[in-house]
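Novice: Take this structure first; my questions come after.
No value in this document is a laboratory result; all are computed from the given coordinates. Note that this is a predicted model, so its numbers are computed, not measured. For neighbour counting, all protein chains shown are included, and Cβ atoms are generated from backbone atoms with ideal geometry for every residue, glycine included.
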2 protein chains.
Amino acid sequence: MSAQRADLSRCSLNTATVKHASLPEAVQAAAAAGMGAVGLWRHQVAEHGAETARAIVEDAGLTVSSLCRGGFLTAATDEGVRDAIAENTRAIEEAAGVGTRELVFVVGGLPGSSPEAPPAPGTDRDVVAARARVADRLADLAPIAAEHDVRIVLEPLHPMFAADRAVISTLGQALDLSAPFDARTVGVVVDTYHVWWDPELRGSIERAGREGRIASYQVCDWNLPFGATALNSRGHVGDGYIDFATISSWVRDAGYTGDVETEIFNEGIWAADPVKTARTVAERYAEHVAPHL
Amino acid sequence: MSAQRADLSRCSLNTATVKHASLPEAVQAAAAAGMGAVGLWRHQVAEHGAETARAIVEDAGLTVSSLCRGGFLTAATDEGVRDAIAENTRAIEEAAGVGTRELVFVVGGLPGSSPEAPPAPGTDRDVVAARARVADRLADLAPIAAEHDVRIVLEPLHPMFAADRAVISTLGQALDLSAPFDARTVGVVVDTYHVWWDPELRGSIERAGREGRIASYQVCDWNLPFGATALNSRGHVGDGYIDFATISSWVRDAGYTGDVETEIFNEGIWAADPVKTARTVAERYAEHVAPHL
């Protein structure tokens, strides 16, 4: 199926996929490929201001499918807690300002951890306690999100990032953490790269749908071999090992009718022409995802 | 605590940790460090024959804590199924011959997958079906294992290996697959590297203990940054991000009283003197694991 003939209204380009493009360039690339939306990042909103960023998207006839990202909630110190609440309050305000309800949260790893280094002396390895602090911070932030009519969207990250990036590792765990809150205030994102391997995935997607918490469906592929940086080893849909037909059908059956963002971290794709990348994203969406939605 | 004063009777050196040592060298290194056991690999047993391999271990005053590895059960073709049954029957016989009940199974990834390559045309991406075939092969092999008084020990591998090495990704999933079989015939290994991140880990370890299925406790650390090969990025206990005190106490509370194998895949450690490596393994076990067992 060619992207030209497919319905791309739900297809969204997360701008991290074209990392080196400016916001106007990324938006134009998405529009030229026929997509209906873009997913933005906070640094872009900060560069232009929320009002201008929103106008850049809307003037191109697109909508903002989500804003990345809040989170980093695992600090154990009073100062770290205060900073997390302040920073995420700003993120919530920006999401509202740029015209999306969906603010993706990457909740952070073990305090003091680094993807580039062994643990520093005194590193806190207690992942159980770090997860409990995430729950505490959500209780702090949910009322602020509700006040701005913004949803905190918890992103389970692949377990290979549990030490250094996100102590939420499964969709089921994200749903457990969401459970105390209204589904319009705390939701989850299903990102194929992070959750495809999960033996409980089907049940967790069904539960997420039942609870009205699927705020975003993100797609990219699991490529092997890993690149030099594991974080940046993701691939265009169809180039790797993920069964998009099956997972997309589960998301559809769970009642999700929102946008489908393609978010790829990959040095090679970042080096490519954004217009070509957006076209490839649209084609792969049309071929591997849209028929199963 | 120095390794010299600690009780190392449950401390076992998995010989993959000293990959370039011969079997006699590895056994001598473990004995010199004061350990009580070694975990062997099939290629070593094949090299010496089971009887001689067993004598090498026993003459040093050690026991065999486990044999690695059977598995690779995901083939979808008749030929692949026949091969898997034949090869695992040999592995079961070798485990019995070398004097251990515990035969570790790495169940294999998606058929046609490779850790070093993108999917070949026609690659089967259906991980749900691959997992169902693992269940079918266990039903084929369990009677053969029982006949030889050997236990098939399912190893959940870290989800980053789900495509190319093992479609069993969590301890809970391994227990579900074990459930149809007697606990003396199908069990599980708790390997910290593979399962430390799991939000359900405590409950799954409790369940494994209750069901009598903990066949082995393996330790090594989660190091960052990743090495050139993700598979070989494991570290000495204490060098990475894993909370050994907590996980070891869970394993203890689940009633496990067997050997604790250190199994590390790491190019740098492989290049070191096996005697020194074994001493470090013993010291780290004494400091980070033994006090919590």
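Novice: Run a plain Debye calculation on the protein assembly as shown (Cα atoms as equal point scatterers, no solvent) and give log10 I(q)/I(0) at q = 0.06, 0.11, 0.12 Å⁻¹, rounded to two decimals, same order as the q list.
Specialist: Each listed q corresponds, in turn, to -0.32, -1.01, -1.17.
Novice: Could you work out which residue, out of B:ALA32, B:ALA278, B:ALA95, moves most in a Gaussian network model of chain B, that is, has the largest mean-square fluctuation with Cα springs under 10 Å?
Specialist: B:ALA32
Novice: Residue by residue through segment B:86-91, which ³J(HN,Hα) values in whole Hz follow from phi under the Karplus form 6.51 cos²θ - 1.76 cosθ + 1.60 (θ = phi - 60°), with glycine and proline marked x?
Specialist: Calculated HN-Hα couplings, in order: 5, 5, 6, 5, 4, 4 Hz.
Novice: Turning to a different aspect of this structure: Determine, for A:ASP140, A:ASP59, A:ASP164, the number of other Cβ atoms within 10 Å of each Cβ, and report the residues in order from fewest to most. Each step should come with its number before you reach the end.
Specialist: Working: A:ASP140 14, A:ASP59 11, A:ASP164 22.
Lowest count first: A:ASP59, A:ASP140, A:ASP164.
Novice: Quick one: order A:HIS288, A:HIS148, B:HIS43 by neighbouring beta-carbon count within 10 Å, fewest to most.
Specialist: So the ranking, lowest neighbour count to highest, is B:HIS43, A:HIS148, A:HIS288.
Novice: Based on a Kirkwood Rh over C-alpha pairs, give the Stokes-Einstein translational diffusion coefficient of segment A:11-292 at 10 °C and viscosity 1.306 mPa s in µm²/s. Intermediate values should be presented prior to the final figure.
Specialist: Values: Rh = 18.8 Å.
Roughly 84 µm²/s, to the nearest whole number.
Novice: Separate question: I'd like the trypsin sites (Lys or Arg not before Pro) in segment B:3-70 restricted to DSSP loop residues with at most 12 other Cβ atoms within 10 Å, sorted by number.
Specialist: B:ARG5
Novice: How much FRET efficiency would the formula 1/(1 + (r/R0)^6) give for A:GLU87 and A:SER249, where r is the Cβ-Cβ distance and R0 is 30 Å, rounded to 0.05? It would help to have the intermediate numbers written out before the result.
Specialist: Values: r = 37 Å, r/R0 = 1.25.
Efficiency, from the Cβ-Cβ distance: 0.20.
Novice: I want to verify a result. In a Gaussian network model of chain B, Cα cutoff 10 Å, which of these has the top mean-square fluctuation: B:ALA60, B:ALA117, B:ALA129?
Specialist: So, out of B:ALA60, B:ALA117, B:ALA129, the one fluctuating most is B:ALA117.
Novice: Evaluate the relative contact order of segment A:11-292 (contact order divided by residue number), counting alpha-carbon pairs under 8 angstrom at least 6 apart; express in whole percent. Mind showing how you got there, number by number?
Specialist: Details: 572 pairs, mean separation 57.0, N = 282.
Result for segment A:11-292 is 20 percent.
Novice: Run the paramagnetic zone check for A:GLU51: 7 angstrom along Cα to Cβ, then residues of segment A:79-102 with backbone nitrogen under 20 Å.
Specialist: Hits in segment A:79-102 for A:GLU51 at 20 Å: A:90-101.
Novice: Also, quick follow-up: Order by neighbour count: A:VAL107, B:VAL45, B:VAL106, fewest other Cβ atoms within 10 Å first, most last.
Specialist: Listing A:VAL107, B:VAL45, B:VAL106 from fewest to most nearby Cβ atoms yields B:VAL106, B:VAL45, A:VAL107.
Novice: Give me the three principal axis extents of segment B:208-285 from the C-alpha atoms, as integers in angstrom, largest value leading.
Specialist: Sorted largest first, the three principal extents are 39, 26, 19 Å.
Novice: Quote the charge dipole size of chain B about the Cα centre in Debye, to the nearest 20; the model charges only the Cβ of Lys and Arg (+1) and of Asp and Glu (-1).
Specialist: Working: 25 positive and 40 negative charges, 78 e Å.
Result for chain B is approximately 380 debye, rounded to the nearest 20.
Novice: Show me, for segment B:49-57, the HN-Hα J-couplings you get by feeding each phi into the Karplus relation (A = 6.51, B = -1.76, C = 1.60, θ = phi - 60°), rounded to Hz, glycine and proline as x.
Specialist: Working through the residues one at a time gives x, 4, 5, 5, 4, 4, 5, 4, 6 Hz.
Novice: Right, next: List the residues, sorted by chain then number, that are 5 or more residues from B:GLU102 or on another chain and whose placed amide H is less than 5 Å from its amide H.
Specialist: B:LEU67, B:ARG151
Novice: I've got another one for you. Can you compute the helix-only [θ] at 222 nm over chain B? Use -39500 (n - 2.57) per DSSP H run of at least 4 residues, normalise by all residues, nearest 500 deg cm²/dmol. Intermediate values should be presented prior to the final figure.
Specialist: Details: 11 runs with 117 residues, N = 293.
Helices in chain B give a 222 nm mean residue ellipticity of -12000 deg cm²/dmol.
Novice: Rounded to the nearest Å, what's the spacing between the alpha carbon centres of segment B:49-124 and segment B:154-183? Just the number, please.
Specialist: That distance is 15 Å.
Novice: At 1.306 mPa s and 10 °C, plugging the Kirkwood radius over alpha-carbon pairs of segment B:155-293 into Stokes-Einstein gives what diffusion coefficient in µm²/s?
Specialist: Numbers: Rh = 15.4 Å.
D = 103 µm²/s.
Novice: Let me ask another. Return the FRET efficiency for the residue pair B:HIS20, B:GLU116: r is the Cβ-Cβ distance, R0 is 30 Å, and the value is rounded to the nearest 0.05.
Specialist: On the way: r = 21 Å, r/R0 = 0.71.
The pair B:HIS20/B:GLU116 has a calculated efficiency of 0.90.
Novice: Now for a separate question. When you take every Cα atom in segment A:71-205, what is the radius of gyration, and what is Dmax, the widest Cα pair distance, in Å?
Specialist: According to the Cα coordinates of segment A:71-205, Rg and Dmax are 14.5, 43 Å.
Novice: I would also like to ask the following. Can you list residues from other chains, or at least 5 along the same chain, whose modelled amide H is less than 5 Å from the amide H of A:SER12?
Specialist: Excluding prolines and chain starts, which carry no amide H, the hits are A:VAL260, A:GLU261, A:THR262.
Novice: Could you give the nm distance between label points at B:HIS43 and A:ALA179, where each point is 7 Å from its Cα heading toward the beta carbon?
Specialist: In this crude label model, B:HIS43 to A:ALA179 measures out at 4.6 nm.
Novice: Oh, and also: By DSSP, what percent of the beta bridges with both residues in segment A:1-145 are antiparallel, rounded to the nearest 5? Before the final figure, lay out each step's value.
Specialist: On the way: 1 of 13 bridges.
So the antiparallel bridges in segment A:1-145 amount to around 10 percent.
Novice: So which lysines pass the test for B:LYS19, namely a Cα distance under 18 Å, with those fewer than 8 places away in the same chain ruled out?
Specialist: Within the straight-line limit of under 18 Å, B:LYS19 reaches these lysines: B:LYS276.
Novice: Looking only at A:VAL190, A:VAL128, A:VAL219, which one moves most when chain A is put into a Gaussian network model with springs between Cα atoms under 10 Å?
Specialist: A:VAL128
Novice: Next question. Around B:ALA282, with a cut-off of 12 angstrom between Cβ atoms, what is the net charge of the other residues, counting Lys and Arg +1 and Asp and Glu -1? Before the final figure, lay out each step's value.
Specialist: Values: positive: B:ARG5, B:ARG10, B:LYS276, B:ARG279, B:ARG284; negative: B:ASP7, B:GLU283, B:GLU287.
Charge balance in the 12 Å sphere: +2.
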